[in-house]
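The values are calculated or read from the model by the stated rules, or taken from the named source; none is laboratory data. It should be emphasised that the depicted structure is a prediction, and the values quoted were computed from it without experimental measurement. Here the Cβ positions follow ideal geometry from the backbone for every residue, glycine too, while neighbour counts run over all protein chains shown. Heavy atoms of the whole protein, side chains included, go into the accessibility calculation; ligands, DNA and RNA do not. Shrake-Rupley method; radii C 1.70, N 1.55, O 1.52, S 1.80 Å.
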Amino acid sequence: MVARTELRRHWRGTVVVMLLVGLVGTVTLAALCGARRSSSSLRRFNDLSRSSNIQVQVGSYTPAQLAALRRTRGVEGIGVVDLLFVGPAAPALQHLLIAAPVDGALGTEVDRPRLVAGRLANPNTLDEIDIGEGLAAMRHLRVGDTIDAVSMSTQTFEGLSHGGPFRLDGPHIHLHIVGLVRRPLDLASLGSAGGVLLMTPAFDRAYHGRIANPAGYTIRVRASDVRRVTAAVDEIFGKNPDFQPQGLEIESAGARDAINVLTDVLLIFAAVAGLAGIVAIAIVLNRELTSTRLDQSALLALGTTRLQRTGMSGARVLVIAIGGTLLAVAGAIAASPLLPFGVARRADPDPGLHADWQVLTLGALAVVAAVLAIALVAALRSTRIAAPDHRGRQPALGTRLAGALTGTGLSPAATTGLHMATEPGRGDQAVPLRSAAFGAAFGVFGLSALMVFAASLGHLSSTPRLYGWTFDFKAETTDIQHCDSTDLGISRLPGVASLAVACYENMQFAGRPTIGWALVPVKGTLGPAIVAGREPQTPNEVALGATTMRALAKRVGDTVKTAGPKGQQVVERIVGQAVFPQVADAQPVADGAWFTSAGWYAAGATNDQFSRYLVGTYAPHADRDAIARQIAATKRTGPVGGPIVPTEIDRLRKINWFPTATAALLALLALVAVAHTVATSTRRRRRDLAVLKTLGFARPQVRHTVEWQATALAIGGLIVGIPLGVLAGDAVWRAIAHSLGVRATLALPLGLLLLVPAVIVAVNLTAFFPAHTAARRRPAVALRAE
């Protein structure tokens, strides 16, 4: 009967707490479901697209070899690509990779594209093409536009080896864009650089033999057993002169790393939202369940036990727990179309309304358990009846503080407000000061941590040295067949402070595909970006990226065995952890290997498959534009470029909503805690405030008393929250930087100084209405009610 009566009397408060539980549960469960979908998005995209995971450059092949590969156990699909000497006529597009499928297997058996706009190109036409979203965004292309392409004839290419001229004298081609597509490789660094242009099988049939085929054929394989199929590939094609196998993990490495970071971000967001929500729910629910404290003595006199009195709040608690959980589950399902976000959303093959029942079921049980646990503690506290015994009791902290402040020059309103902020009271005048102080400190803690995280991320993206760019400029060289110190006279240009030759090539290192780098000093001191250890100095030393070391289960100081160019075993000692610059193609920031020039060749690099760049730094006060023009005018060099933010970091920058949204949520919940405490305090201490007004307090003094109470709570939260927030923000940033494989450099934002006045102002704004109500209350009415 009492439980039913309490539910009917306090139905408005019950609904408010239920809505709060639903809000916190919605945010937390939606973030957890989004993290789970994010973590699996790339795998699901690869499965839907039947993405190849092995690539074999064979030069040429026989039908018998291809048939033997198809019969290999573990092969799920094969696509053959003809690498023709075709390039877009526009200089800005000449870096794109262009290939033509030999048959219809590529795009059906393996590497099926996901249509974004328009339609797929007709495989029986010569001039239709689908392009990736990255190229469309980079060059502002859309369906209906055309791309002009030039080519080199077979005769001209064959004449190059005999000193013939370099001429693009092959057929001139007009390609019509009929669709925008998305492949897994379009999500990574290669997609950001434009991706790969795939012609149609009809194009290959029409132009094979007329257009040069310098690299021969490439076979892309989808395998369920990569190790078995790789061994079979070696056996079938190993004797081909141009044989070069390669795993394709590198094609999606940038997307995979970015998705891992986004998953971590959502998990952190869920944890922060859940903890902050529990604090707010505990404060509000405790107040609702202790609102009947005055009835406990009467209920005890009627013969009820403490267990019965605890159970009297059960009806309200069950309504709050079950109703709030249902709202949380429904809200998480309704919010599912908003997640995942960023590159994970592009990878998700089925965005939209989803219900992850595994997460929702466990989450619902956790929400119910949390509410019941909070309610049990609150009910036990509210049913505790202690006999009044004031013998020998020490003055409370608030009383002692008020006495200590007497004579310091503070106004009576200030000393009284500080007393109210530090004295929780007893019995019917008890105020949840501890929970309010904890809520304020937790809110400031979260805000400080998020500001440190955002500032550190901004510092990383604005500091090229931290993501591998230890130089100021780069310029690609052409027609130089060795990774040596040949610099074309660039080092002698005035204003060039240091110069080196950077070479890189896709290679198999310790049985795993990666990018091998070498840096040959030419002038001054210029080295790779090292996170831990040192750079390699001898041919048998290497510095690996964090992703590479994790994949090989190695660390700095270990040794690793790899196969040399002639199959001989090479032992390399890992002397450092490196970060790799993105200078052109798909180059993950943490997946690669730095060698010396001799070590690079010993580990399997060749002279016909690598890219070669001149990289250097400018002298102070040098005319950088003039130097860039001089380098670009030098024969056998490309245009000069500057730092490129890696794809992983660029995509992380695009989630700047995360710190803002999390900060807004924490600020809201912290203000709920403080506002609830101030409102409860003015209500339960209306007798004290009435006595103060009777003794001469004017209305402004009463308002100032409540404001001083709110300010004291805010200052306590700032003193505790800011230092702990800086430590937590540093820890979270170090974890994110570690997952990216870059150096974790802490940046303290100036906004931390602005946080102090901002918090004090915000808390006083929440205290305005309780203070105004307390100042307007008539002393006689308040004392008569007491």
> Identify, please: which residue in the stretch 177-199 is buried (at least 24 other Cβ atoms within 10 Å of the Cβ) and part of a loop (DSSP other than H, G, I, E, B) and is, among those, modelled with the highest pLDDT?
Replying inline: MET199
>> Residues that are closer than 17 Å to VAL583 by Cβ, at least 2 per element: which helices (runs of 4 or more DSSP H) completely within the stretch 594-662 meet that?
In response: 624-633, 647-653
> Considering the stretch 737-786 alone, what residues qualify as being at pLDDT 80 or above and of a type in the set (S, T, N, Q)?
Replying inline: SER739, THR745, ASN764, THR766
>> Could you go through the stretch 648-657 and let me know if any residue there is aromatic (Phe, Trp, Tyr) and within 25 Å of the chain's Cα centre (by Cα).
In response: yes
>> Given (1) open to solvent by less than 40 Å² (accessible area, probe 1.4 Å); (2) closer than 30 Å to ILE236 by Cα; (3) at pLDDT 90 or above, identify the lone condition not met by ASP82.
In response: (3)
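When the stretch 706-723 is examined, which residues are found to be of a type in the set (S, T, N, Q) and surrounded by fewer than 24 Cβ atoms within 10 Å (Cβ to Cβ)?
Within the stretch 706-723, THR711 is the sole residue that qualifies.
Conditions (1) over 30 Å from GLY567 (Cβ atoms); (2) of a type in the set (Val, Ile, Thr), marked per residue:
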{"position": "PHE442", "(1), (2)": "yes, no"}
{"position": "ILE480", "(1), (2)": "no, yes"}
{"position": "GLY489", "(1), (2)": "yes, no"}
{"position": "ALA497", "(1), (2)": "yes, no"}
{"position": "CYS503", "(1), (2)": "no, no"}
{"position": "ASN506", "(1), (2)": "no, no"}
{"position": "THR514", "(1), (2)": "no, yes"}
{"position": "PRO528", "(1), (2)": "no, no"}
{"position": "GLN537", "(1), (2)": "no, no"}
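Of these, ILE211, ILE219, which one is over 25 Å from ASP47 (Cα atoms), in contact with a strand residue (DSSP E or B) (Cβ under 7 Å, 6 or more places away or on another chain) and open to solvent by less than 40 Å² (accessible area, probe 1.4 Å)?
It is ILE211.
Taking into account only those residues within the stretch 431-448 that are among the aliphatic types (A, V, I, L, M) and open to solvent by 20 Å² or more (accessible area, probe 1.4 Å), which is modelled with the highest pLDDT?
By that ranking, first place goes to LEU447.
Rundown of residues vs (1) surrounded by fewer than 16 Cβ atoms within 10 Å (Cβ to Cβ); (2) within 18 Å of GLY524 (Cβ to Cβ), yes/no style:
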| position | (1), (2) |
| --- | --- |
| ARG612 | no, no |
| HIS621 | yes, yes |
| ILE627 | no, yes |
| LYS635 | yes, no |
| GLY638 | no, no |
| PRO643 | no, no |
| GLU648 | no, no |
| ARG651 | no, no |
> Among all residue pairs at least 6 apart or on different chains, which show Cβ distances below 9 Å where the first residue, located in the stretch 755-774, is farther than 11 Å from THR711 by Cβ and the second is surrounded by fewer than 18 Cβ atoms within 10 Å (Cβ to Cβ) and at pLDDT below 80?
Replying inline: PRO770/ARG683; THR773/ARG683; ALA774/ARG683
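Could you list, in sequence order, all residues of the stretch 746-763 that are open to solvent by 40 Å² or more (accessible area, probe 1.4 Å) and not in a helix (DSSP H, G or I)?
Scanning the stretch 746-763 gives LEU746, LEU748, LEU750.
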>> Given the criterion touching a residue at least 60 places away in the same chain (Cβ under 8 Å), closer than 26 Å to ALA335 by Cα and either surrounded by fewer than 17 Cβ atoms within 10 Å (Cβ to Cβ) or aliphatic (A, V, I, L, M) (or both), identify the matching residue among ARG44, ARG50, ARG36.
In response: ARG44
>> Cβ-Cβ under 9 Å, sequence separation 6+ or interchain: first residue in the stretch 243-258 and open to solvent by 40 Å² or more (accessible area, probe 1.4 Å) and part of a helix (DSSP H, G or I), partner modelled with pLDDT under 70 and among the hydrophobic types (A, V, I, L, M, F, W, C). Which pairs?
In response: ARG256/ALA188
> Within the set of pairs 6 or more residues apart or between chains, which connect a residue that is in contact (Cβ under 8 Å) with a residue 24 or more places away in the chain inside the stretch 319-345 to a residue that is open to solvent by 60 Å² or more (accessible area, probe 1.4 Å) and among the β-branched types (Val, Ile, Thr) with Cβ atoms less than 9 Å apart?
Replying inline: VAL329/THR361
>> I'm trying to understand the selection: among the residues of the stretch 554-580, which are modelled with pLDDT under 90 and assigned to a loop (DSSP other than H, G, I, E, B)?
In response: GLY564, PRO565, LYS566, GLY567, GLN568
